[in-house]
Amino acid sequence: DNPHADDLHQSGIWAVSANNDFVGNRMAGFIEGFFLQTTAFKYGRGKAQNKVCTSHTPFGRFERNVNHGNWRFGMYPDSNFPRNIHFNKDGFVDIYHQEYAHCSGSDFNRMRCACGALSYDDFFDEDGRDRGQ
């Protein structure tokens with residue numbers, strides 16, 4: 001029931017929530033090695049519908065992940081603008097409304113850790129160069 005993950009973007013890891021911790025993973029030979037597709041279900045799905053804001057969720061820990069030999073990208077966060085969001089005990093946004101994207105810029109760029117990653121021999125590498133023939 002999710003063509004983004006099931007068919008269109010076969011990935012070693014396909015995720016919607018950036019606030020998870022991704023540590024010590026190896027992805028090779030996929031379309032995208034690691035695809036953080038926050039635009040797929042921007043306001044959640046199922047029990048989380050209208051209780052999350054995936055594009056603005058702060059990043060968790062991204063450490064020691066390796067991507068190689070992927071058809072498109074090693075690491076591909078599609079449209080992330082992390083902000084300082086306050087969550088309730090259930091992990092949902094405390095005060096949710098559809099206009100959350102229009103809050104001030106004073107809380108942009110909330111990142112915990114992105115360190116020790118390695119990507120190589122992907123069609124598009126992180127330096128922007130096209131590795132295709």
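The values are calculated or read from the model by the stated rules, or taken from the named source; none is laboratory data. Because the structure is predicted, anything quoted here is derived from the model rather than measured. Reconstructed Cβ throughout: ideal geometry from the backbone, glycine too, with neighbour counts over all protein chains shown. Surface accessibility is based on the protein's heavy atoms, side chains included, excluding ligands, DNA and RNA. Shrake-Rupley method; radii C 1.70, N 1.55, O 1.52, S 1.80 Å.
Some points to look at:
- Residue within the stretch 103-116 that is open to solvent by 60 Å² or more (accessible area, probe 1.4 Å), at pLDDT below 60 and farther than 18 Å from A18 by Cβ present: yes
- Between N84, N65, N80, the distinction of being in contact with a strand residue (DSSP E or B) (Cβ under 9 Å, 6 or more places away or on another chain), of a type in the set (S, T, N, Q) and closer than 18 Å to T39 by Cα belongs to N80 only.
- Residue in the stretch 35-49 that is modelled with pLDDT of 85 or more and more than 23 Å from N2 (Cα to Cα) present: no
- Number of positions in the stretch 23-39 that are open to solvent by 20 Å² or more (accessible area, probe 1.4 Å) and either within 30 Å of N84 (Cβ to Cβ) or not hydrophobic (A, V, I, L, M, F, W, C) (or both): 6
- Just so you know, in the stretch 80-95 the residues that are surrounded by 12 or more Cβ atoms within 10 Å (Cβ to Cβ) and polar (S, T, N, Q) include one that is modelled with the highest pLDDT, and it is N80.
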